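Novice: Input: one structure, supplied below.
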Amino acid sequence: MLSLPLAAGAGSGLPLRVAYPDYWPFFTRNEDGIMKGFFYDIVSEALNRMGLGSEWREYPWSRCQALVQSGEADAMVTVPTAERLVYTATHADPFYLKELKVFTYAGNPKLDEIRRIKSIDDIFNLGLTVVTYHGNGWNDKYIRSRGIKTYESPRIKNIWLMLANQRGDISIEWPMAAWPLIEEGGVSKAIVETDVSLEAMPFHLLVSCRSPYAARMDEFNEVIKKMKAEGRIDRIVAKYVVKQ
């Protein structure tokens, strides 16, 4: 019943409720509880330009998706997949492309072969196992579906401890977010980043079909395009990432 008087654009004043996993430098809270991160900055500014506030609450990633699917949260920031688009609406243009690199553990006997990987087929043919986190839609779509064995952690930061302890052969992640977690876990000497890049992941705001704000995604897309043209998104990212 609440959705009836709160149609998008009706000026209800209610914030868009965003469920997120703590993941620096995308979104996190500092020791004072203040939200930071360039995904947070980009999305919250775009929403503000639309006259919308936002309320950000942290959950494990699998819980974020469940909350958006049920409508208990309005939105999440992630890569659109066929499964997610069953229960969400999104915008046409990604606001950020994230390059994925292949990591392995120091001393892996297949290191030379790993450095020569050109495609996901090579991962399969080498018989490599992948360490990732629960709810990683990209891994489910491109790695697990290919028949490549995957080991999962419920928390993103723990994948580096698993890889360092040789619980799998490789991880496929974005270096700028990976290295702070690797260093935090004290395993920087045990992890090797290769030059192998498999994909640039498109990030979007996904809004629950149960949310009254789902109808405003075209408007959000126009705001994002304007922010890109102004160079605003590049300036936001540059505050957090020195080299992309």
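The values are calculated or read from the model by the stated rules, or taken from the named source; none is laboratory data. Since the structure is predicted, the reported quantities are computational estimates derived from the model, not experimental observations. All Cβ positions, even for glycine, are placed from backbone atoms using ideal geometry, and neighbour counts span all protein chains on display. SASA here: full protein model, heavy atoms, side chains in, ligands and nucleic acids out. Shrake-Rupley method; radii C 1.70, N 1.55, O 1.52, S 1.80 Å.
Novice: Among [x] 18.0, 55; [y] 16.4, 51; [z] 18.8, 62, which one is Rg and Dmax of the Cα atoms in Å computed from these coordinates?
Specialist: Given [x] 18.0, 55; [y] 16.4, 51; [z] 18.8, 62, the structure-derived one carries the label [z].
Novice: Rounded to the nearest 5, what % of the DSSP beta bridges within the chain are antiparallel ones?
Specialist: Percent antiparallel among DSSP bridges in the chain is about 65.
Novice: Moving to a separate point now. Once you have a ≥ b ≥ c as the square roots of the Cα gyration tensor eigenvalues for the stretch 27-82, tell me rounded if a/c is under 1.5, and otherwise prolate or oblate according to whether a/b is larger than b/c. Don't skip to the end; give the middle numbers.
Specialist: Values: a/c = 1.74, a/b = 1.24, b/c = 1.40.
Cα axes put the stretch 27-82 in the oblate bin.
Novice: Lys/Arg Cβ at +1, Asp/Glu Cβ at -1, dipole of the chain taken about the Cα centre: which of C209, V196, P180 is farthest positive-ward?
Specialist: So the residue we want is V196.
Novice: Once a ≥ b ≥ c are taken as the square roots of the eigenvalues of the Cα gyration tensor of the stretch 152-202, is the result rounded (a/c under 1.5), prolate (a/b larger than b/c) or oblate (a/b not larger than b/c)?
Specialist: Cα axes put the stretch 152-202 in the rounded bin.
Novice: Another one. Test of understanding: extend the Cα→C-beta vector of W179 to 7 Å, then name every residue of the stretch 185-205 with backbone N under 14 Å from that spot.
Specialist: Correct set: 188-189, 191-195.
Novice: Can you give the extra length, in nm with one decimal, that the chain gains between R210 and N30 once fully stretched, where that is 0.36 nm per residue apart less the Cα-Cα distance?
Specialist: 61.7 nm
Novice: At 1.4 Å probe size, what's the solvent-accessible area of R57? Round to the nearest 10 Å².
Specialist: 130 Å²
Novice: Counting only protein heavy atoms and using a 1.4 Å probe, what share of the accessible area of the stretch 1-133 belongs to carbon plus sulfur, as a whole percent?
Specialist: Using a 1.4 Å probe with all protein chains present, the stretch 1-133 comes out at 50 percent carbon and sulfur.
Novice: Using only DSSP helix segments of four residues or longer, with each worth -39500 (n - 2.57), what per-residue ellipticity at 222 nm results for the chain after dividing by its residue count and rounding to 500?
Specialist: -9000 deg cm²/dmol, from helical runs alone.
Novice: Indicate the helices, whole DSSP H runs only, in the chain that combine a mean Kyte-Doolittle hydropathy of 0.0 or more with a Cα extent along their long axis of 15 angstrom or more. Working shown, then result.
Specialist: On the way: long enough: 38-49 (16 Å, 0.23); 217-230 (20 Å, -0.86).
Length and hydropathy pass: 38-49.
Novice: Counting Lys and Arg as +1 and Asp and Glu as -1, each charge on the Cβ, what is the dipole of the chain about the Cα centre in debye, to the nearest 20?
Specialist: The dipole of the chain has a size of about 100 debye.
Novice: Enter the accessible area per residue of the stretch 41-81 (Å², integer; probe 1.4 Å; all protein chains in place).
Specialist: In whole numbers, the stretch 41-81 has 38 Å² accessible per residue.
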